[in-house]
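We did not get these values from a lab; they are worked out from the coordinates using the rules stated. For clarity, every value in this text was computed on a predicted model and none was experimentally measured. Positions of Cβ are generated from backbone atoms using ideal geometry, with glycine treated the same way; all protein chains shown enter the neighbour counts.
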Amino acid sequence: MAIDFTMSPEQRQIQAMAREFAENVLAPVVPEADREPDPLLAHARTKGAYVEAYKAGIAMAMLPKEYGGGGLSCLDLTIAAEEICAVDPGFACTVLCNGLGLMPVAWYGTEEQKKRFIGAATSDPTGEFLGGWTAGEPPGGTGGTANFDNPFPRPAGIGLTATRDGDHYILNGRKKWSSAGGWDAKGVNAQTVIVRTDGDVGGTKGLSAIVVERGTPGISYEFVNKEGHRTASNALITFDNARVPVDNLLPGAAGNGDFVINRNFAWSGPVAGIAAVGMARSAYEAALKFCKANTAGSLTPIIRFQNVGYILGDCAAKIESARYFCWRASDYLDKHEQHAELVGAMCKINTTEAMFDVIYKCMQVVGVNSLSTEYPFGRFLREASVLPIYDGGNMGMQRRRVHGVIADEGFNPRAVMEDSTIVFEKSMESIGTVADWDRQYSNSGSTPFVSAAE
Ligand SMILES: Cc1cc2nc3c(=O)[nH]c(=O)nc-3n(C[C@H](O)[C@H](O)[C@H](O)COP(=O)(O)OP(=O)(O)OC[C@H]3O[C@@H](n4cnc5c(N)ncnc54)[C@H](O)[C@@H]3O)c2cc1C
């Protein structure tokens, strides 16, 4: 029997270890951190738990074993992540960004870079080491995120430039939402940054990835205050003539920064999906408990009402199916050299959106009391609202990638079912990035729209 959904004894151990950490180390610090109004302090309040996670081998579990990481498979990572996300997906996001920041080094770096950057991440005696992933840019006319692969040259697409000057690149521009602020708004230890190394060509040709280390002069960080994932760090980053050694450019990604974005945000798809499962699971369990303990003026608990039982049964079924989709997408990553540009995206879109609805449904059956801060539903909803939007937004990035792959002439619609490799090509990018107005501007030769938002 090849298809077996039973966890191995090792996987049960990983799950138990992650649950033990989440419930006993992480859970006690989350309420206060979530209430903290200052976003930097909110993140910093989880530092003690992070150091514990580092020492327990959780924080760097996804990095390759040969460079000191845990060497966890994507499937095992997803199993562990559900337990942490059921308690706090914001903290899980901090840990996930170690992978988003350093897996590109494993995929596209030289042997020397892997030893230097991943080796440093996995051998920090303080346990405070953070990796960062810096692709997104602020809204307005000077940068782009969703349309990073717009085929037109600047000002379309990614705006952070890296200009060669001897043995350094000089970085200028801004990024936003990156996890790279660090514990003190002075930057994480090592972040992979998507830069435009060639300003004359369009997004699919001129992008690269470079590792920026903590302490690099010319970079400032301002924490973003946000509604959900308050324990995760997100920063507006300004690069002002920041000098980064040429040796930090990932050679496999030179001129292919677009591939890094697509691969990375699909590698993390099942983890984002399982974050949604974790939150929905917590909401469902809280709702079931409430519905078994409250009568709403009837003589029996409200779970006895058909609508309540039907809806909660549907919620349970949706959570189960989402979990298995995340497991399968992770399994696909494990079997296809950590490429899942299609199925990683499909998994993220489907599960994060379905789970948001599950939490809303749980609130409906609990009723008005779900709005009281006495209960956790409001927080679950806030956290779940992040998941379709972050990690390569479902609308502007993930759905476009799915569209680009399935529109390809050679696409096999049974590829995922048949477990065959889907090779992600440049020709699958840029779909849906050129709106009618862009065409109008490019035909008329007039200046493209530049927002005054800045
Ligand atoms: C908690 C959290 C953690 C994050 N961590 C990181 C991180 O570590 N590193 C990082 O780089 N980023 C990070 N982000 C940012 C995140 O990855 C976003 O998905 C990314 O910034 C893109 O956002 P967006 O898709 O909304 O794109 P935007 O460019 O902001 O687009 C806005 C909207 O415009 C519409 N749109 C734009 N273009 C198109 C199009 N061509 N077709 C259809 N619709 C379109 C869509 O509706 C889209 O949602 C994080 C965000 C959060 C909230």
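Aspartates and glutamates within cross-link reach of LYS289: Cα-Cα under 15 Å, excluding same-chain residues under 8 positions apart?
Straight-line reach from LYS289, under 15 Å: GLU374.
With a 10 Å Cβ neighbour count serving as the proxy for reagent exposure, in which order, fewest first, do ILE303, ILE349, ILE118 appear?
Details: ILE303 18, ILE349 22, ILE118 25.
In order of increasing Cβ crowding within 10 Å: ILE303, ILE349, ILE118.
Using Cα atoms only, what is the angle between the long axis of helix 89-108 and the major principal axis of the chain, expressed in degrees (0 to 90) to the nearest 10?
That works out to roughly 40 degrees.
What is the packing order of peptides 287-293, 265-271, 46-52, 2-8, taking the mean over residues of other C-beta atoms within 10 Å and listing the highest first? Working shown, then result.
Values: 287-293: 17.7, 265-271: 28.6, 46-52: 19.4, 2-8: 8.0.
Result, highest mean first: 265-271, 46-52, 287-293, 2-8.
Collect residues whose amide H, placed 1.01 Å from N in the peptide plane, falls under 5 Å from the amide H of ALA242; neighbours closer than 5 in sequence don't count.
So ALA242 has HN proximity to LEU171.
Each residue of region 27-32 in order: what ³J(HN,Hα) in whole Hz does its phi give by Karplus 6.51 cos²θ - 1.76 cosθ + 1.60, θ = phi - 60°, with x for Gly and Pro?
3, x, 8, 5, x, 5
What number in nm² do you get for region 203-280 if you take the convex hull of its Cα atoms and divide its surface by four?
On the way: hull surface 28.3 nm².
If I average the Cα hull's projected area over directions, I get 7.1 nm².
Scaled to the compact-protein estimate 2.2 N^0.38 Å, what is the alpha-carbon radius of gyration of region 9-121, rounded to two decimal places?
Numbers: Rg = 14.5 Å, N = 113, 2.2 N^0.38 = 13.3 Å.
Here the Cα radius of gyration is 1.09 times the empirical estimate.
Give the peptides 361-367, 381-387 in descending order of average Cβ contacts within 10 Å, highest first. Write down the numbers at each step before the final one.
Numbers: 361-367: 19.7, 381-387: 23.1.
Highest-to-lowest ranking by the protection proxy: 381-387, 361-367.
Of all DSSP beta bridges located in the chain, what percent are antiparallel, nearest 5?
85
What do you get when you divide the Cα radius of gyration of the chain by 2.2 N^0.38 Å, with N the number of residues?
Numbers: Rg = 22.1 Å, N = 454, 2.2 N^0.38 = 22.5 Å.
Dividing the Cα Rg of the chain by 2.2 N^0.38 Å gives 0.98.
In square nanometres and to one decimal, what's the mean projected area of the convex hull around the Cα atoms of region 268-423?
Working: hull surface 39.3 nm².
Quarter of the Cα hull surface area: 9.8 nm².
Which ordering of TYR390, TYR221, TYR310 is given by a fewest-first count of other beta-carbon atoms within 10 Å? Spell out each step's value before the answer.
Working: TYR390 24, TYR221 20, TYR310 11.
Placing the least packed residue first, the sequence is TYR310, TYR221, TYR390.
For a quick check: sort VAL25, VAL402 by the number of other beta carbons within 10 angstrom, fewest at the front.
Listing VAL25, VAL402 from fewest to most nearby Cβ atoms yields VAL25, VAL402.
Past 29 Å, Cα to Cα, is the threshold; run LYS175/LYS426; LYS65/LYS226; LYS55/LYS186; LYS114/LYS426; LYS47/LYS226 against it and keep the listed order. Before the final figure, lay out each step's value.
On the way: LYS175/LYS426 24 Å; LYS65/LYS226 35 Å; LYS55/LYS186 23 Å; LYS114/LYS426 26 Å; LYS47/LYS226 19 Å.
In this structure, LYS65/LYS226 exceed 29 Å between Cα atoms.
Could you state the angle between the C-alpha long axis of helix 306-335 and the longest principal axis of the C-alpha atoms of the chain, as a value from 0 to 90 degrees rounded to the nearest 10?
So the inclination is approximately 40 degrees.
If you average the C-alpha positions of region 59-131 and of region 191-243 separately, how far apart do those two centres end up, in angstrom?
19
Whole-Å semi-axes of region 132-257's equivalent ellipsoid, largest first, each the root of 5 times a Cα gyration tensor eigenvalue? Intermediate values should be presented prior to the final figure.
On the way: eigenvalues 97, 63, 27 Å².
Here the semi-axes work out to 22, 18, 12 Å.
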